[in-house]
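Accompanying notes for the structure given below.
Rule-based calculations on the coordinates, nothing more; no lab input. None of these values were measured; they are calculated from a predicted model. Here Cβ is always computed from backbone atoms with ideal geometry, including for glycine, and neighbour counts include all displayed protein chains.
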Amino acid sequence: MVNSMKVSVFRPLLQLEAKVNRRTKLYTFVALILFVVCFGPWLQVYFGHLWRREHYQFFPMMLIAVAVISHDCWKVAADRGCSFEILKFSAPLFGLATVVFGGALWLGSPWLAYLATLLILWTIARNIPFGSSTIAPLFVLLPLPFSMDGELVHGLQRVSSRGASALLDMAAIRHLMSGNILEVSGKKFFVEEACSGIGSVYLLLASAAVYASWRQLRFVVAVPLLLSAIFWAVAGNTFRIFCVAWAHAYLQFDLSSGILHDILGAATYLMSLLLLMMTEQALLFVFEPINTPTIPNASETKRQRLAGNLGRIWDRLTTMDPGIRLRKKQPSGLRMTRGRFVAVLILFFAVGCVGNVWRFWPSMLSTSQIVLDRATISFRPARITVTQDVQKVFVAHGRKSR
C-alpha cells in the first residue's frame, strides 16, 4: 500500500518531467531547422567561394573530421554522466556573434556569416567537455581578409624557390632560377605554388589543427605546433622542387606532372606530417608540468612562495590529463536551463531568418522576374507558330474547295 501511495504521489511529477522533456526536444528540433534556414544560404555561398580556391578544396574532408571528433567528444561526455540540464550561456560570445551576423546582413558578407556561425557553434559546444577545441579547427577555413592569402602565396613561392635553388647549388646541379621558372639541362619547370595541391601550407595547417583538436592539446602547445606546420609545409615544398630538378638532371625522369608528381606530393605531405608529430612530442617535453603542490607550506619563505605560485600557474597551463583539466576548469557564463538556452537560440535564428529575407528578397524578386520573362519569351513564338500553321491549313483548304 505504501508503494502504491508513492506511485500515486510521484506520478504527476513524472508526467510533468516527461512533458518538459518532450517540449525541450521539440524546441531543439525547431532550433535546428531555424539554424539551417538562418545560416544555410550563407554557408552555401561561402563554401562555393572556397571550392573555387584550389588551396581550400580540402575543406569537405576537414568538415567530416571535425564532425567525427565532435561526435566522439559528445559520446565521451555522455559516458561520463555529464548532465546538460543546466547550461552556461556566454553573453559576450553571443553578443559578438549577433554583431558579426548583423554586419554580414548589412554588408552581404558570407565571410562574416561564416564567422558568426563559428561563434554560435562555440557558444553551444563550450558546454561539452573539450567542446571548444573541436570547433577551433574550423577557423582555419577563414581566408585572410583583403586578399592577404594571395600575398602569402607569392611570399611562400619566393621562399620555396630560393630554398630549392640553394639545395641545387649544394648538389652542384647547374640551373637557372628566374622568378618562378626553374631551368635545368635546357628544360624549364614552373615552380608550383606553395599553397596548391597536396603540398599546400593550408592543408598541413588544417591537418595540424585537426590533430591538435583530436589530441586535446593545451593552448601553449597548439599555437607553436600550428606555426611549425607553416615551416614544415614550406620545407616540404622546397624539397619537392629540388627532387623534380634532381630527377631530371641525373635520372632523366619528369616528376613535374603525371602520376609520379602526385606520388611525390603525397610522400612530401606524409613526411611533413611525420615531422609535425615529432614537433608535438618535442613541445610536450618542453612544456611538461612540474607537479607543484597545490597547497603551499606555511613555513615557506617569500621566494619559495613566489616560486610555488609560478609553478602552479605553469602546471595549470601545461597539464594534459583530461580528468585534472575537467576538475579544475568549468565554463563561465550565466546558468540557465536547457529550455531557456534553446529558446534564446530560437530567437536569434528567427531574427536571422527575417534578416535573410530582407537581404535576399530583392535578388529573389529579380531572379523570379528573369525566369518569368524567359518563360514568356519562349512561350510566345510557339503560339504564333501554331496560329500561322493553322491559318496556312485553312487557306490551302479554301483554295482546294474553290
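Say a paramagnetic label sat at a point 7 Å from the Cα of Lys187, along Cα to Cβ; which residues of the range 252-267 have their backbone N under 17 Å from it?
Residues 252-265 qualify, since their backbone N sits under 17 Å from the label point.
Neighbouring Cβ atoms within 10 Å as the yardstick, rank Leu270, Leu168 fewest first.
Working: Leu270 12, Leu168 20.
Result, fewest neighbours first: Leu270, Leu168.
For a protection proxy built on the mean count of beta-carbon atoms within 10 angstrom, sort 74-83, 281-290, 154-163 highest first, please.
Final packing ranking: 154-163, 281-290, 74-83.
Evaluate E = 1/(1 + (r/R0)^6) for Lys25 and Val220, where r is the Cβ-Cβ distance and R0 equals 56 Å; express this FRET efficiency to the nearest 0.05. Walk me through the numbers on the way to the answer.
On the way: r = 40 Å, r/R0 = 0.71.
With R0 = 56 Å, the Cβ-Cβ based efficiency is 0.90.
Which FRET efficiency value, to the nearest 0.05, do you get for Ala343 and Ser178 by plugging their Cβ-Cβ distance into 1/(1 + (r/R0)^6) with R0 = 56 Å?
The pair Ala343/Ser178 has a calculated efficiency of 0.30.
Give me Tyr27, Tyr250, Tyr202, Tyr269 ranked fewest to most by other Cβ atoms within 10 Å of their Cβ, as a rough exposure proxy.
In increasing order of surrounding Cβ atoms, one gets Tyr250, Tyr27, Tyr269, Tyr202.
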